[in-house]
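Let me begin by presenting the structure, written as C-alpha cells, before commenting on it.
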Amino acid sequence: GDVYKRQGSVGAGGKGGAAPSAHQQQQRTEAQKAAESALREEESRLHLEERSLASQLAIAAAEAALREIALRQKSHLLEYSLSEHSFSSETVSYTHLRAHETPEHLVCRLLLEKKNT
C-alpha cells in the first residue's frame with residue numbers, strides 16, 4: 001500500500017511530469033521578472049561605473065598633458081632667459097594669454113574646468 005501512496009503524491013504536482021499549477025507558473029514568472037530587473041539594474045550600474053572610469057582616465061590624461069606642457073614651457077622659458085633675449089617685467093592680461101592658447105591647451109583647460117565643477 002505504501003508504494004501507491006508515493007506514486008500518487010508524485011503525480012499530484014511534484015516532480016512526476018505533471019504540469020505546474022497556474023499559481024506555480026505565476027510565481028515562476030514573477031521570479032523571472034524580478035531576476036531580469038535586478039540584472040538590468042546591475043548592468044546599468046556597471047555602465048555608469050565604466051563611464052565614470054573612462055572620465056577619470058580622460059581627466060588623468062589631460063592632467064598629464066598639462067604637466068608635460070608646463071614642463072616644456074618652463075624649459076623654453078629657462079632657455080630663453082639664458083639666451084641674449086630678456087623678458088620684460090610687464091604683466092599680461094588673462095585675455096592676452098587666452099589669445100595664444102593652443103587647441104591642446106584649450107582641451108586640457110576645459111577638461112580641468114569640468115572636473116572642478
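Would you mind telling me which numbered condition in (1) at pLDDT 85 or above; (2) surrounded by 10 or more Cβ atoms within 10 Å (Cβ to Cβ) residue 113 fails?
(2) is the only condition that residue 113 fails.
List, please: which pairs have Cβ atoms under 6 Å, are six or more places apart or on different chains, and start with a residue in segment 69-82 that is farther than 21 Å from residue 106 by Cα and end with one that is among the polar types (S, T, N, Q) and modelled with pLDDT under 65?
Filtered contacts from segment 69-82: no entries.
Would a scan of segment 13-28 turn up a residue that is aliphatic (A, V, I, L, M), at negative phi and modelled with pLDDT under 80?
yes
If a residue has to be open to solvent by less than 80 Å² (accessible area, probe 1.4 Å), more than 15 Å from the chain's Cα centre (by Cα) and not polar (S, T, N, Q) to count, how many in segment 36-52 make the cut?
Total satisfying the criteria: 1.
Under 6 Å between Cβ atoms, which residue pairs at least 6 apart in sequence (or on different chains) link something in segment 21-32 that is open to solvent by less than 80 Å² (accessible area, probe 1.4 Å) with a partner that is modelled with pLDDT under 90?
Within 6 Å, no pair qualifies.
Residue pairs, Cβ under 6 Å, 6 or more apart or interchain, first in segment 48-68 and of a type outside the set (Lys, Arg), second part of a helix (DSSP H, G or I) and surrounded by 11 or more Cβ atoms within 10 Å (Cβ to Cβ). List them.
So the pair list comes out as 59/111; 59/115; 62/108; 62/111; 65/108; 66/108.
The values are calculated or read from the model by the stated rules, or taken from the named source; none is laboratory data. None of the values given here were measured: they were computed from a predicted structure. Note that each Cβ is placed from the backbone with ideal geometry, even for glycine, and that neighbours are counted across all protein chains shown. These area figures cover heavy atoms from the full protein model, side chains too; ligands, DNA and RNA do not enter into them. Shrake-Rupley method; radii C 1.70, N 1.55, O 1.52, S 1.80 Å.
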